[in-house]
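A quick write-up on the structure given underneath.
The values are calculated or read from the model by the stated rules, or taken from the named source; none is laboratory data. Note that this is a predicted model, so its numbers are computed, not measured. Virtual Cβ from ideal backbone geometry, glycine too; neighbours counted across all protein chains shown. The accessibility values were calculated without ligands, DNA or RNA, using every heavy atom of the protein model including side chains. Shrake-Rupley method; radii C 1.70, N 1.55, O 1.52, S 1.80 Å.
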There are 2 protein chains.
Amino acid sequence: MVPIQLNSRQTKIIDIVKEHEPITSEQIASILGVTRATLRPDLAILTMSGILDARPKVGYFYSGVDENNLISKKINSKNVGDIMSLPILVTEDTTVYDTIVTMFLENVGSIFVTNKGYLSGVVSRKDLLKNAIGGSEISKIPVGITMTRMPNIVVTYPNESVVEAARKIIDHEVDSLPVTELEIIDGKEHYKVVGRISKTNITRLFLEFSGS
Amino acid sequence: MVPIQLNSRQTKIIDIVKEHEPITSEQIASILGVTRATLRPDLAILTMSGILDARPKVGYFYSGVDENNLISKKINSKNVGDIMSLPILVTEDTTVYDTIVTMFLENVGSIFVTNKGYLSGVVSRKDLLKNAIGGSEISKIPVGITMTRMPNIVVTYPNESVVEAARKIIDHEVDSLPVTELEIIDGKEHYKVVGRISKTNITRLFLEFSGS
């Protein structure tokens, strides 16, 4: 796909078709005061680009495609699995203090908590800060009693689009999502954590699309 | 600008020009085994789109423009001022505890600190968490002694591009930047805080471009 800068006659043709669709090339030519032969290359470009639809014996229609569709298509083609980071995991019996230390060492905003190898909870910097100023004995209490627990956790999947994941991050006001694979064991859902996608990953992808 | 799906002959022409530039339309026609007249609409589309450059009496050149440039151009057109949020400010004598409370009430990841109305520091959730577990008396010490202080703060401006701001956020590993206006008073630089731009703003903009 390549971008083409439309000339002013082509822009006028789009406006005419929008208003009068369906409209024949004879009618467009008569409105513009030019011959059909003059319009031929313009109509070729407008139909090749998908902006106009031509139906034999009916005329031209406006299809509604424009540059924003192209950008949207490109952005929607990226999946979570293409840009995710490694997850940082602790087990439920890890103390809140040790979880904070892990957060500093790994420099992440969220830590995922597992039980028997499957996702059981999430703690954020905000949760840990709340604990730290709450007067509780953070070097004794396990992270399992303070974390946000399944099923109240929003997850994503490697083959979900980055756009879907970004939408979940914004709607649920979280900094990151665990990237998971669903496993059904004895009829129960278990989520294996295979990655992490955060606003940082999305900001990096934004920079990549910007070409900088 | 509109996207056009190139046909296979147009793609071949691009490859030929890339390899042999500068090359005349006669030479391209002879390589492809077609007449110059056949090529005319193809060359028109390729030069209108900016993919090929035509120089009289020299021939065609490849200019390197493709769909990614279009996306890049669109993304680069947004400025910080278009998407920034309100800044959350405290003064230097605010206690660390009260700063943490403000952070929870306003639900932000960073607080900007001012002195006589101008930016003097920044504190993040991470800084405050460090203080909270460090054993210091957070209800007594002022935020001014624990914050990151000017000039060690990365700032942005309303008329800077979002791409530039995103680059600073990623390179300096921060969650947000103060949006400032520079004032020179008695020959010294002072920064008035007029906004805040975070990875959340950038993630929202990403969603906007995605069309979702």
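Can you list, shortest first and in nm, the gaps between the label point of residue A:185 and those of its counterparts in the other copies, using a point 7 Å from Cα in the C-beta direction?
Ordered by increasing distance: 6.3 nm.
How big is the dipole moment of segment B:8-68 about its Cα centre under a simple scheme where the beta carbon of each Lys and Arg is +1, that of each Asp and Glu is -1, and everything else is neutral? Debye, nearest 20, please.
In debye, rounded to 20, segment B:8-68 gives about 260.
By what distance, in whole Å, do the Cα atoms of the protein assembly as shown stretch along each of the three principal axes, largest value first?
84, 74, 46
With the radius of gyration and the Kirkwood radius both derived from the Cα set of segment B:80-162, what is their ratio Rg to Rh?
For segment B:80-162, the value is 0.99.
Going by accessible area, probe 1.4 Å, with all protein chains left in place, what is the ranking of A:42, B:175, A:93, largest first?
Ranked list, largest accessible area first: A:93, B:175, A:42.
If you place +1 on the Cβ of every Lys and Arg and -1 on the Cβ of every Asp and Glu, how big does the dipole about the Cα centre of chain B come out, in debye to the nearest 20?
For this selection, approximately 460 debye.
Give me the percent of the accessible area of segment A:66-212 that comes from carbon and sulfur atoms, probe 1.4 Å, all protein chains in place.
Solvent-exposed carbon and sulfur of segment A:66-212 make up 47 percent of the total.
Inside 10 Å of the C-beta atoms of B:195-204, what's the mean count of C-beta atoms belonging to other chains?
5
Taking the full set of protein chains and a 1.4 angstrom probe, give the accessible area of residue A:196 in square angstrom, rounded to the nearest 10.
The accessible area of residue A:196 comes to roughly 40 Å².
Measuring from a point 7 Å out along Cα→Cβ, what nm distances, shortest first, does residue B:140 have to its partners in the other copies?
2.4
At most 12 other Cβ atoms within 10 Å plus a DSSP loop assignment makes a site exposed; report the longest stretch of chain B without any exposed GluC sites (Glu not before Pro).
Counting at most 12 other Cβ atoms within 10 Å as exposed, the longest clean stretch of chain B is B:1-136.
From the label point of residue B:38, set 7 Å along Cα to the beta carbon, how far off in nm is each other copy's matching point, shortest first?
List, nearest first: 3.1 nm.
How would segment A:8-65 be classified by its alpha-carbon gyration tensor: rounded, prolate or oblate, with rounded meaning a/c under 1.5 and the a/b versus b/c comparison settling the rest?
In terms of gyration-tensor shape, rounded.
Which whole-percent values make up P(r) of chain B when all C-alpha to C-alpha distances are grouped in 10 Å steps starting at zero?
Taking all Cα pairs of chain B, the binned fractions are 7, 25, 19, 13, 12, 11, 8, 3, 0 percent.
Per residue, how much accessible area does chain A show when a 1.4 Å probe rolls over the protein heavy atoms, in square angstrom?
49
Would you please classify the overall shape of segment B:121-191 from the alpha carbon gyration tensor, given that a ≥ b ≥ c denote the square roots of the eigenvalues, rounded means a/c under 1.5, and beyond that prolate means a/b larger than b/c while oblate covers the rest?
In terms of gyration-tensor shape, oblate.
For residue B:44 and residue B:30, calculate 0.36 nm times their separation in residues minus their Cα-Cα distance, and state this gained length in nm to one decimal.
Separation in residues times 0.36 nm, less the Cα-Cα distance, equals 3.3 nm.
If one takes the accessible area of chain A alone plus chain B alone and subtracts that of the pair, with a 1.4 Å probe, what total in Å², rounded to the nearest 100, results?
It comes to approximately 5700 Å² buried between A and B.
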